[in-house]
Ligand code: NAD
């Protein structure tokens, strides 16, 4: 169900993904702020399936009701439209605090609001944790390391952040969120966990928020050029979202209170990621596994979607009928555009601590994760092309 298309329709006899029956003593009441976002919605799925009671708090700035709509009406699930910048009261055992836009496009849209979300929002949630004695987990980020002088980055590294640049609202926002978390921990004995998350990808990423994987997949599916900012030598280590969710739950369940890096050590350059993703889209298209979108000559100018599972010949026939010699989307070029200000040149976590204290390591291969994500975006693209 993680890759359910957005158009899931509920009937009056609604069915839900399978939910475990937990003994009352094992069942937790859990608040997930930002639970309608990309990572949050997967976390909500997992917690629901494990049998817990889940409250989602979200202002839908960068998240969507549709990403959790399959839980609407379930007795263990509640959705609250609210902003973490305002105080909020609920009796819970655990708080996963994820609310904060995560893509540069989204968090730079209103830098002051991003700072308020990180400072006031985190303070409010820590205040709530203190009041109701809940365990609190902060979703921090590798961005707190800034442009790192240490590689790979260990949790003991203090970072190298530009505090006045366009990314400061996010990087410094998360740094103050961490400082607040340890302030409440030392001063008020709040039971805290801090996950420093490295780049993560998967189904339900927003296709237009400018993140690397979604940008490349969507461009390749549409037959557009894959744009690389800079010369393509910057590195990223990409983790599949299901691995991240496992790491967050393991961290919350552990007794470890210092920050823990959650990420993969599969480091590659942005140019290598672009090539891998483009080639994978082509390979899956050639296998007839994903739909092929072609520009049609129809008067209404709508795009035509060639069916999934159609053979190469049928697809070629349709393309000829559509007046195209070669499928649009067959081979996208990789092009280089101006670098983005303060884009970190290298990113790779040292995950020794996660292995030692949580027994966590990523299990999804890049191949499996990227294929699942391509299938998701292909379904989304086909859906929007057919309206
Ligand atoms: P996302 O933008 O998809 O989700 C963030 C969610 O928070 C959205 O649903 C949004 O509507 C909600 N939100 C934002 N501001 C809010 C506010 N003021 N009040 C209430 N809700 C608010 O981002 P994501 O990728 O799911 O990231 C989730 C968390 O993980 C973020 O805290 C982010 O910093 C952290 N993180 C993510 C990554 C990654 O690669 N995805 C990497 C590092 C850290």
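The values are calculated or read from the model by the stated rules, or taken from the named source; none is laboratory data. Bear in mind that the values here come from a model prediction, so they are computed numbers and not experimental data. Because the Cβ atoms are built from the backbone with ideal geometry, glycine has one as well, and the counts that use them run over all protein chains shown.
Of all residues in region 72-87, those that are more than 9 Å from the ligand (Cβ to nearest atom) and either in a loop (DSSP other than H, G, I, E, B) or more than 28 Å from residue 15 (Cβ to Cβ) (or both) total 6. Look at region 96-110 and say how many of its residues are more than 7 Å from the ligand (Cβ to nearest atom) and closer than 26 Å to residue 29 by Cβ. Going through region 96-110 one residue at a time, the tally reaches 2.
Per the conditions (1) crowded, with 16+ Cβ neighbours inside 10 Å; (2) farther than 19 Å from residue 200 by Cα, the sole criterion not satisfied by residue 97 is (2). If you take the residues in region 100-110 that are touching a helix residue (DSSP H, G or I) at 6+ places or on another chain (Cβ under 8 Å) and over 13 Å from residue 57 (Cβ atoms), which one is surrounded by the fewest Cβ atoms within 10 Å (Cβ to Cβ)? Taking the candidates together, the pick is 108. Give region 337-363 a look and list any residue that's touching a helix residue (DSSP H, G or I) at 6+ places or on another chain (Cβ under 8 Å) and either buried (at least 18 other Cβ atoms within 10 Å of the Cβ) or assigned to a helix (DSSP H, G or I) (or both), or say none. Listed by number, the residues that qualify are 344, 347, 349, 354, 358, 360, 362.
Return the total of residues in region 57-91 being within 16 Å of the chain's Cα centre (by Cα) and crowded, with 20+ Cβ neighbours inside 10 Å.
Step one: filter region 57-91 for residues within 16 Å of the chain's Cα centre (by Cα), giving 58, 60-68.
Okay, now just the ones that are also crowded, with 20+ Cβ neighbours inside 10 Å, so 58, 62-63, 67-68.
Adding up the residues that qualify gives 5.
Scanning region 34-47 for residues that are in a helix (DSSP H, G or I) and either crowded, with 24+ Cβ neighbours inside 10 Å or under 14 Å from the mean Cα position of the chain (by Cα) (or both) turns up 38, 39, 40, 41, 42, 43, 44, 45, 47. Cβ-Cβ contacts under 6 Å between residues 6 or more apart (or on different chains), taken from a first residue in region 58-71 that is in a helix (DSSP H, G or I) to a second residue that is near the ligand (Cβ under 6 Å from one of its atoms), are listed as 67/36. Selection of first residues in region 94-114 that are farther than 25 Å from residue 193 by Cα and of second residues that are near the ligand (Cβ under 10 Å from one of its atoms), restricted to Cβ pairs under 6 Å at least 6 apart or on distinct chains, gives the following pairs, ordered by first then second residue: 105/209; 106/62; 106/209.
Of the set (1) over 28 Å from residue 360 (Cβ atoms); (2) within 20 Å of the chain's Cα centre (by Cα); (3) assigned to a helix (DSSP H, G or I), all apply to residue 210 but (3). If you filter region 111-133 down to residues that are crowded, with 23+ Cβ neighbours inside 10 Å and over 16 Å from residue 62 (Cβ atoms), you find that the one that is farthest from the ligand (Cβ to nearest atom) is 129.
Which of the residues belonging to region 176-198 are surrounded by 22 or more Cβ atoms within 10 Å (Cβ to Cβ) and within 12 Å of the ligand (Cβ to nearest atom)? Residues satisfying the conditions are 177, 194, 195, 196, 197, 198. Selection of region 210-247 for residues being touching a strand residue (DSSP E or B) at 6+ places or on another chain (Cβ under 6 Å) and either within 13 Å of the ligand (Cβ to nearest atom) or closer than 29 Å to residue 30 by Cα (or both) yields 213, 237, 238, 239, 241, 244, 247. Just checking, does region 287-298 include any residue being touching a helix residue (DSSP H, G or I) at 6+ places or on another chain (Cβ under 6 Å) and either in a loop (DSSP other than H, G, I, E, B) or at pLDDT 95 or above (or both)? Looking for residues that are touching a helix residue (DSSP H, G or I) at 6+ places or on another chain (Cβ under 6 Å) and either in a loop (DSSP other than H, G, I, E, B) or at pLDDT 95 or above (or both), one finds at least one in region 287-298, hence yes. Considering (1) within 12 Å of the ligand (Cβ to nearest atom); (2) assigned to a loop (DSSP other than H, G, I, E, B), the lone condition that residue 150 does not fulfil carries the number (1).
Of 207, 139, all but one fail to be closer than 18 Å to residue 31 by Cβ, within 14 Å of the ligand (Cβ to nearest atom) and in contact (Cβ under 8 Å) with a residue 24 or more places away in the chain; the exception is 139. Whether any residue in region 154-168 is part of a helix (DSSP H, G or I) and within 13 Å of the ligand (Cβ to nearest atom) is what I want to check. Within region 154-168, not a single residue is part of a helix (DSSP H, G or I) and within 13 Å of the ligand (Cβ to nearest atom).
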